[in-house]
Each structure stands twice: as C-alpha cells, then as structure tokens.
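Engineer: After the structure tokens below, expect a handful of questions from me.
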Amino acid sequence: METVYRLNLGLRTASRVLLRLGEFHAAAFSELHKRARRLDWARFLRPGQAVAVRVTCHQSRLYHSAAVGRELAKAIGQGLGGEVSLQKFDPQAEGPLPALVLARLVDDQCTISLDTSGELLHRRGYRLASAKAPLRETLAAGLLLASGWDGTSPLLDPFCGSGTIPIEAALIARGLPPGRSRRFAFMDWPDFDPALWQSLLEQSAAARRAEIPPILASDRDAGAIQMAQANAARAGVAGDIQFTCQAVSAVEPPPGPGWVVTNPPYGLRVSGGKDLRNLYAQFGKVLRLKCPGWHAAVLCSDPSLIAQMGHQAAASFDTSLGLVNGGVPVRLAIGRLRF
Ligand SMILES: C[S@@+](CC[C@H](N)C(=O)[O-])C[C@H]1O[C@@H](n2cnc3c(N)ncnc32)[C@H](O)[C@@H]1O
C-alpha cells in the first residue's frame, strides 16, 4: 500500500495508477463469476458502494463487454456479502466518482485491476483557472523532463498561458510531489492508513529543496498572467516564479545558459488570426540575440513553424519527440542553441 500511496503522490507524468488484483482463466460467465468473487474486494470496497467496470475483450469466448461488466459487478457484490451499484465512470459528472474496476480479457485470460487514483493524475488540484489551450499538467511535466532541464539552471517560458510549465518546473526544482494537495481513490478504501499517508506528506515536505534557480514566465495576455499567478499560489509556488506580462520580443533572460521550455501558439487551438510565421520568426530572433548557448524545447504541431525560427535555431533542434496534446499529434523539438 505504501507503494500505491507513493506512486500517486509523486509521479509527475502518469495518468493513473492501477493495482493488479488478479489474473485467471475465464471462458464462461460461471467461471468468471466464481474466480472474480474470490478476490479480496473487502480491502478496497464496501457493500452498497458505487462501482464502474470498464471491460475490454480480445479473442475470448466472453466477448460481450457490457455483459462481462454486469457479471463482474454481481461477483464483486457477492464477494463483499451484499451488492454494489453499477455506474458509469464519468469524470465530468458532479459528485464523487464511483470506484473503477478494469477487466481485460485476452485469449480467455482475465486480468482484473482496480484504479487507485480516482480523478486522473494531471488534476493536481491547483489549476482552477485556465487560459486558452492549457497543457495537461502531466504533459507539461513531461516536456520539462524530456528537455533535460537539470532543475538547477534558469528556466524560461515566454508563452506561459495559465502557467502550467513554470508551475510544474517549480514543483520539480523544489522536489515537491505533485499530488500533495488532492484526494485519491485509495483514501476511500476500508484499509486506508491515514497515518502512513500523513507521514509520506511530512517526509516530502521535509525534503523540500531550499534553493531553486530563477524560473521566468511571461505572456502578452494580462488575463493569462493573472490566472497563472492564481494557479501558482494554489500550487504553493507563487514566490518561486517571476511572472511578467509582456510580448516575447521584450523577454529579458537571466544570466545563463538555462533552458527555454515552451508551448507557443500553433494555430490549431490558439491562432487568433495572427501571423504565426512572424511570431515564430520573432521568437527565433529573441533566442538568437538573448539566449545563445541555452537549451530549448518547443512544443509545436507544425514543423514548418519551427523552420520559421531561422536556419540556425531550427538546425539546433536535434531531437524531435512525438506526443499528443488534447488529441492533436504534436512534436517536441529539443536541442541546444548553437549560436
Ligand atoms: C498555447 S498557449 C500556452 C498554454 C500554456 N502552456 C498553458 O498551459 O496554459 C500560447 C500562449 O502564447 C501567448 N502569446 C501569443 N502571442 C504571444 C506573443 N507575441 N508574446 C507572448 N505571448 C504570446 C498567448 O496569449 C497564449 O497564452
């Protein structure tokens, strides 16, 4: 259980943590029911509880996923000595989420897992306000980790929007776990150990790093900066980020070299009719004049926009990582600026 708590508390890029409860042969509903009922449900669920069951079936005699889900709900209820109420798992719905059980049938072999996280882990609890096209917090943390940022050199995001990249950067630099101020599904389990959870929180607070590098975040939109500051305050890192409302052309980086990690507008979600080619050309010029020798990681859906940053900047990006942002395929261009 300590591992379950630690993973949910500390993982920066995972979406959820599943606990494997069992794996068994199930080629008929009776077999599925008998085996599933015997799993140790009482540690995690209570009779009468709302449960959602998500089922996938591949090359198995039990192929009707909804029927498998209903049978599993019956088996779970009987395993608990009562019944459970079968519900849909809808993270957008009002009110508490049902417990989520996942079943996967492949070649008549059934694997049962329980979601330990509840709301997806990108929901850290700090981002109530979001500007246009915010990044998922897990993706922002992923960009920082993939950029190779060492957590001790300066960091700059000149298109910060609601502040997701600099906030995740401050959490990384301080060594603070992203899940410290939210609830998790495991907190509702009958065997939840609040004292153990509290001790993990205290350990992580005690390990908070005292010194962090300059983290600079700017955006030309005053509303975005206000939201970013409110989000940073909720994340407990308001004092760790220097926010400025300014256009990218006005950016003044601290002595470096450091890292520029950013998600400029790229047309699909934020275009505003502006000339994106000019914006990228201007961004390239800022990097050339003000950030020589810095590292850069730029998230963008369109490689031709990266080319607009100028030959030298574009040639500096020697790695291109394929990612998905809000369902859109994007690439993270990573490199060290060779000028
Ligand atoms: C894709 S959004 C960034 C989203 C951000 N990563 C987040 O998680 O909220 C791009 C941002 O660039 C800003 N922007 C557009 N043109 C700009 C410019 N010339 N200078 C500075 N910021 C600009 C927009 O206001 C917008 O907030």
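The values are calculated or read from the model by the stated rules, or taken from the named source; none is laboratory data. The structure presented is a predicted model; accordingly, all values stated were derived computationally and were not measured. All Cβ positions, even for glycine, are placed from backbone atoms using ideal geometry, and neighbour counts span all protein chains on display.
So that you can scan it fast, the table gives a plain yes or no per residue for (1) in the same structural domain as residue 228 (by TED's automatic domain parsing); (2) surrounded by fewer than 16 Cβ atoms within 10 Å (Cβ to Cβ); (3) of a type outside the set (Asp, Glu); (4) modelled with pLDDT of 95 or more:
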| position | (1), (2), (3), (4) |
| --- | --- |
| 90 | no, yes, no, no |
| 98 | no, no, yes, yes |
| 103 | no, no, yes, yes |
| 129 | no, no, yes, no |
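Engineer: Starting from region 224-252, take each residue that is closer than 24 Å to residue 204 by Cβ and list its partners that are charged (D, E, K, R) and in a helix (DSSP H, G or I), counting only C-beta distances under 9 angstrom and pairs at least six apart or across chains.
Structural biologist: 232/240; 235/168; 236/174; 237/174; 240/174
Engineer: Would you mind finding the one in 209, 127 that is away from the ligand (no atom under 16 Å from the Cβ) and either closer than 25 Å to residue 292 by Cα or basic (Lys, Arg) (or both)?
Structural biologist: Checking each option against the conditions leaves just 209.
Engineer: Mind telling me which of the residues 304, 249 ends up being exposed (fewer than 15 other Cβ atoms within 10 Å of the Cβ), farther than 24 Å from residue 167 by Cα and either outside the structural domain of residue 159 (by TED's automatic domain parsing) or among the polar types (S, T, N, Q) (or both)?
Structural biologist: Testing whether each residue is exposed (fewer than 15 other Cβ atoms within 10 Å of the Cβ), farther than 24 Å from residue 167 by Cα and either outside the structural domain of residue 159 (by TED's automatic domain parsing) or among the polar types (S, T, N, Q) (or both) leaves just 304.
Engineer: Out of all the residues in region 116-133, is one or more under 22 Å from residue 101 (Cβ atoms) and either touching a strand residue (DSSP E or B) at 6+ places or on another chain (Cβ under 6 Å) or without any contact (Cβ under 8 Å) to a residue 12 or more places away in the chain (or both)?
Structural biologist: Yes, because at least one residue in region 116-133 is under 22 Å from residue 101 (Cβ atoms) and either touching a strand residue (DSSP E or B) at 6+ places or on another chain (Cβ under 6 Å) or without any contact (Cβ under 8 Å) to a residue 12 or more places away in the chain (or both).
Engineer: Sticking with this structure for a sec: Just checking, does region 279-300 include any residue being within 12 Å of the ligand (Cβ to nearest atom), more than 24 Å from residue 152 (Cβ to Cβ) and assigned to a loop (DSSP other than H, G, I, E, B)?
Structural biologist: Within region 279-300, not a single residue is within 12 Å of the ligand (Cβ to nearest atom), more than 24 Å from residue 152 (Cβ to Cβ) and assigned to a loop (DSSP other than H, G, I, E, B).
Engineer: Among the residues of region 247-259 satisfying the criterion of being outside any loop (DSSP other than H, G, I, E, B) and touching a helix residue (DSSP H, G or I) at 6+ places or on another chain (Cβ under 7 Å), which is farthest from residue 284 (Cα to Cα)?
Structural biologist: Ranking the qualifying residues of region 247-259, first place goes to 259.
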